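This report concerns only the one structure given below.
The values are calculated or read from the model by the stated rules, or taken from the named source; none is laboratory data. Only a predicted model underlies this, so the values are computations on that prediction, with no experimental measurement involved. Heads up, the Cβs are rebuilt from the backbone with ideal geometry, glycines too, and the neighbour counts pull from every protein chain shown. Remember, those area values only see protein heavy atoms, side chains included, never the ligands or the DNA or RNA. Shrake-Rupley method; radii C 1.70, N 1.55, O 1.52, S 1.80 Å.
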Amino acid sequence: MKLPLVALVVVSGASAAYLIYLGVKSLDIVVSLYTYIHWVMAYFLHPLPKPLSRIYTAIGIALLAAFSYFLALRILPLL
Amino acid sequence: MPEDLGLSLVVLGAALSALGLLQQNLTPLLALGLAVLTAGLLITWEPATRERLLVKLGEAAWENVSAFIQAAGIPPKAYYFPSAIAGRPVAVVAVEKPGEIPRGALTFRTGNGPALVLSTPGGKAVELCRELPNDLAEALRECAINSLGLARSVSVVDSPDGTVVEYRGVSTPDLYNKLLVKPALGSALASITAAIAAEVWGRPVEIIEEAAKGKRLTVLIR
């Protein structure tokens, strides 16, 4: 479990640094990118014991909900 | 220790996330904050989850031992023998204290019926701690507190009924509290106390009484 967690923090840190370098200030881009990183890392983190798996999935679902909200905000004006 | 690290990461992650949300040109820090927060949460819960899992899996062995004691029809009462007498630290469940234990035996007969020779949490603790000081209080402090980290402090007092060992800040996993093994061997920490006492004193030891109150455990051994 240690290596995937370190990878999660390192990849997120590197992405954050790159986005800051690019001057990104938009919350929806950051949340979408982290949602993607979170769910990709879920593959490497599994198998987790049940309570830990539930915590990770709950965070992932919250991120997906936020991602869907931001996506809806972007799509609605086009409709 | 991992729990402390986990909590520190949770606080750090929350701080980074807050910074990312509040400081507009640092919004991408939210990704790092959420990652640190997630890692912190998993590290905080992981040791307890793994411990619970291992204890649950190990419960099968204790259920079998309980069934064995019940099938043998022996009252649940153990005598802890030191390695000097039994060859390794063991507990013997028998009607009365046996004079000697046949080397390598798992069961044997005493004058009053069968006796079971059992490995105990205490025996394993003695194997883990290896060298023990000659004084009981020092040995318990060295092994149960410093080496195994099962309680915050220990005190030993001699009384007319035996020796009273009192632990404070106990954090021992519940190995078999609802099974017949509990009245036979005592709780895990009482078993460790008796096994260490048997090693230090070089004679058989029995647990007369034990009482738990919150994070405090009192064990009377003789």
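Listed values, structure above:
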| quantity | calculated |
| --- | --- |
| The stretch A:2-78 - percent relative contact order, Cα under 8 Å, separation 6 or more | 38 percent |
| Heavy-atom accessible area ranking, 1.4 Å probe, most first, across A:Ile37, B:Ile43, A:Ile75 | A:Ile75, B:Ile43, A:Ile37 |
| Those aspartates and glutamates that a straight Cα-Cα span of less than 12 Å connects to A:Lys2, excepting residues fewer than 8 apart in one chain | B:Glu46 |
| Selected from B:Ala105, B:Val92, B:Leu19, residue furthest toward positive end of dipole (the protein assembly as shown; charges at beta carbon) | B:Leu19 |
| Cα centroid separation, the stretch B:45-88 to the stretch A:20-46 (Å) | 48 Å |
| Two-decimal log10 I(q)/I(0) for chain A, as the Debye equation yields it once each C-alpha is a single scatterer, q = 0.11, 0.20, 0.25 Å⁻¹ | -0.35, -0.94, -1.18 |
| Listed residues A:Ser26, A:Ser15, A:Ser53, most fluctuating in chain A (Gaussian network, C-alpha, under 10 Å) | A:Ser26 |
| Of all accessible heavy-atom area on the stretch B:2-45, the percent that carbon and sulfur account for (1.4 Å) | 76 percent |
| Relative pair counts by distance (%), Cα atoms of the protein assembly as shown, 10 Å bins | 6, 22, 22, 14, 13, 12, 8, 3, 1, 0 |
| In degrees, nearest ten, helix A:27-45 long axis to first principal axis of chain A (Cα) | 20 degrees |
| Cβ charges +1 (Lys, Arg) and -1 (Asp, Glu), total dipole of the protein assembly as shown, debye | 620 debye |
| Residues with amide H under 5 Å from that of B:Tyr79, placed H, sequence gap 5 or more | B:Val92, B:Val93, B:Ala94 |
| Candidate aspartates and glutamates for bridging to B:Lys213, where Cα separation is under 13 Å - those fewer than 8 sequence places away on the same chain excluded | B:Glu166 |
| Nearest-10 value in Å² for the accessible area of A:Tyr18, using the 1.4 Å probe | 130 Å² |
| Cα-based convex hull volume of the stretch B:50-221 per residue, rounded to whole Å³ | 112 Å³ |
| Proximal lysines relative to B:Lys97, as straight alpha-carbon distance under 21 Å, when same-chain residues fewer than 8 apart are discounted | B:Lys77, B:Lys182 |
